[in-house]
Amino acid sequence: MKVFNTLTKKKEEFVPLEEGKVRMYVCGPTVYNYIHIGNARPMIVFDTVRRYFEYKGYDVNYVSNFTDVDDKIIKKAIEEQVSAQEISQRYIAECKKDMAGMNVKPATKHPLATEEICGMVEMISELIEKGYAYEKNGTVYFSTRKFKDYGKLSHKNLDDLRSGGRSLLVSGEDEKEDPLDFVLWKPKKEGEPFWKSPWSDGRPGWHIECSVMSRKYLGEQIDIHAGGEDLIFPHHENEIAQSEAANGKEFARYWMHNAFLNIDNRKMSKSLGNFRTVREISEQYDLQVLRFFMLSAHYRSPLNFSAELMEASKNGLERILNATDNLKHLIASVATEEMSAEEKEAFSKTDAYVEEFEKAMDDDFNTADAIAAIFELVKYANTTATAESSKEYLRGLLDRIVKLGDVLGLILDKKEELLDADIEKLIEERQAARKAKDFAKADAIRDELLEKGIILKDTREGVQWKKA
């Protein structure tokens, strides 16, 4: 299995620290509002990476945090005149609803920053003792020049960063010894939540939380650290500096980053009026469509969100769902149980589609090509599954499609759609008209149902229908 490592800028063979196990940390959202579709991409992408490791037989310890103390959370709390905790707890709950809608599996552990403050104070103290950090008037800074490998992930060097202007400099106060030093702990401001520390009553800087949570729940060394490419610098760069300075060993073996998501070929931003939350998308589409859309491109490729592409994703997912639904109808109606010799030979040909799927996923999790392999399997099922097939053959086809779909987190069960009594009555009347050979009346009822948004399909197994 090949993984593109941001650290080395090349694909590398995946070799875990411990055989059969994967330790994986993914940076989670800051919970001050509903998550947006930019947040959704890493959630879906790295959930799929996790699922594929599990499909391959690995035991995956998957940790993803919630940042529940932050300037944006505090600002929102002040605006609503409630506590920061109330804001963060509200939006953690909403985030989990959206994650469930996207079929993102809960992490092995979802740590909260506010519950790990003691660990952060401990790591900051270690960094001071080892000479990597210093305190000025209650603020603690990390000294970037003391960490000789600073910039190795973003492939920047300190002199380039210094000459690059303020836009590249890490945020902090004016008292730091070097403009590139970053904050590990800062004193409280009026009205802010705070915690006790040896340096001041205050709160941690953003970067320290992931270093602490990763060490606590995964150990000093991990296999994979992942997130959006916007986190490479400074967040992940700073995590490496903190963790490796404190622990004295390599932090993560592989760094994975998904590319940006644009809206109608423009960067998503509230000022442009193209900001989209997952909750808003759920009002227009099943979130399985959003997941399918996110996986339709390689995770390292920029992805453009548009109504046209969402419709294409909806149609693509529907194509797979129709195939699985048709197989279920056939299974319920055919009489033969066991596969014939010819069917066994036909079924063996589906191994090639599974191999294509795994080949794509083994090549740095190429979900676009993996979906293409599922489409080929669906096409094969559509052309070989008939009312004369055996249940065993049909179940085999269905199981293969569903299993590969599950690796991608796609739920390949059509939701039961309920008809009201009037529509049910019309379908029954149409069936009676067909039996009486009153085809004019049957056609008229079909047209009436179409006007009500119901599409009928006459098959050997009976009438099938779907909403237009």
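Can you tell me which residue among Asp458, Asp369 is more than 16 Å from Ile331 (Cα to Cα), surrounded by 13 or more Cβ atoms within 10 Å (Cβ to Cβ) and modelled with pLDDT of 85 or more?
Just a single option satisfies the conditions, and that option is Asp369.
Given the criterion among the hydrophobic types (A, V, I, L, M, F, W, C) and touching a Ser or Thr at 6+ places or on another chain (Cβ under 8 Å), identify the matching residue among Ala77, Ala100, Ala84, Ala93.
From the options Ala77, Ala100, Ala84, Ala93, the qualifying one is Ala77.
Are there any pairs, at least 6 apart or on different chains, whose C-beta atoms fall under 7 Å, with the first in region 268-291 and closer than 17 Å to Gly316 by Cβ and the second part of a helix (DSSP H, G or I) and of a type outside the set (A, V, I, L, M), and if so, which?
The qualifying pairs are Tyr285/Lys314; Leu287/Gly101; Val289/Ser313; Val289/Lys314.
Given (1) under 14 Å from Ile124 (Cβ atoms); (2) open to solvent by 30 Å² or more (accessible area, probe 1.4 Å); (3) touching a residue at least 24 places away in the same chain (Cβ under 8 Å), identify the lone condition not met by Asn238.
Unmet condition: (2).
Do any helices (runs of 4 or more DSSP H) entirely within region 21-104 hold 2 or more residues that are open to solvent by less than 40 Å² (accessible area, probe 1.4 Å), hydrophobic (A, V, I, L, M, F, W, C) and closer than 24 Å to Leu287 by Cβ, and if so, which?
The helices (runs of 4 or more DSSP H) meeting that bar are 37-55, 84-101.
I'm checking my understanding of the structure. Among residues of region 109-144 that are assigned to a helix (DSSP H, G or I) and among the aliphatic types (A, V, I, L, M), which one is most open to solvent (accessible area, probe 1.4 Å)?
Ranking the qualifying residues of region 109-144, first place goes to Ile128.
Here is a check on your reading of the model: is Lys130 within 26 Å of Val22 (Cα to Cα) and modelled with pLDDT of 95 or more?
Taking the combined requirement at face value, the residue does not satisfy it.
Restricting region 427-437 to residues that are of a type in the set (A, V, I, L, M, F, W, C) and free of Cβ contacts under 8 Å to residues at least 24 places away in the same chain, which is least open to solvent (accessible area, probe 1.4 Å)?
Going through the qualifying residues, I end up with Ala433.
Hey, among Ala297, Ala332, Ala352, which residue is at pLDDT 95 or above and part of a helix (DSSP H, G or I)?
Residue meeting the stated conditions: Ala352.
Would you check which residues across region 438-455 are closer than 22 Å to Leu321 by Cα and open to solvent by 90 Å² or more (accessible area, probe 1.4 Å) and list them?
Hit for region 438-455 is Leu450, nothing else.
Just checking, which of Glu318, Glu358, Glu338, Glu376 is of a type in the set (D, E, K, R), over 26 Å from Val463 (Cβ atoms), more than 20 Å from the chain's Cα centre (by Cα) and in a helix (DSSP H, G or I)?
Answer to the selection: Glu376.
In region 383-398, is there at least one residue being open to solvent by 10 Å² or more (accessible area, probe 1.4 Å), in contact with a Leu (Cβ under 7 Å, 6 or more places away or on another chain) and within 15 Å of Leu410 (Cβ to Cβ)?
Within region 383-398, one or more residues are open to solvent by 10 Å² or more (accessible area, probe 1.4 Å), in contact with a Leu (Cβ under 7 Å, 6 or more places away or on another chain) and within 15 Å of Leu410 (Cβ to Cβ).
List the pairs whose first member sits in region 77-105 and is more than 15 Å from His36 (Cα to Cα), whose second member is hydroxyl-bearing (Ser, Thr, Tyr), and whose Cβ atoms are under 7 Å apart, counting only residues at least 6 apart or on separate chains?
Ala77/Ser83; Ile87/Tyr32
Restricting attention to region 431-454, does a residue exist that is at pLDDT 85 or above, out of contact with any Gly (no Cβ under 7 Å at 6 or more places or on another chain) and closer than 15 Å to Arg319 by Cα?
No.
Mind counting the residues in region 254-308 that are touching a strand residue (DSSP E or B) at 6+ places or on another chain (Cβ under 6 Å) and open to solvent by less than 60 Å² (accessible area, probe 1.4 Å)?
Residues that pass the stated criteria total 14.
The values are calculated or read from the model by the stated rules, or taken from the named source; none is laboratory data. In this text the structure is predicted, and so the values were computed from the model without any measurement. Counting neighbours? That spans all protein chains shown, and the Cβs are built from the backbone with ideal geometry, glycine included. Side chains are part of the model used for accessible areas, which takes the heavy atoms of the whole protein and leaves out ligands, DNA and RNA. Shrake-Rupley method; radii C 1.70, N 1.55, O 1.52, S 1.80 Å.
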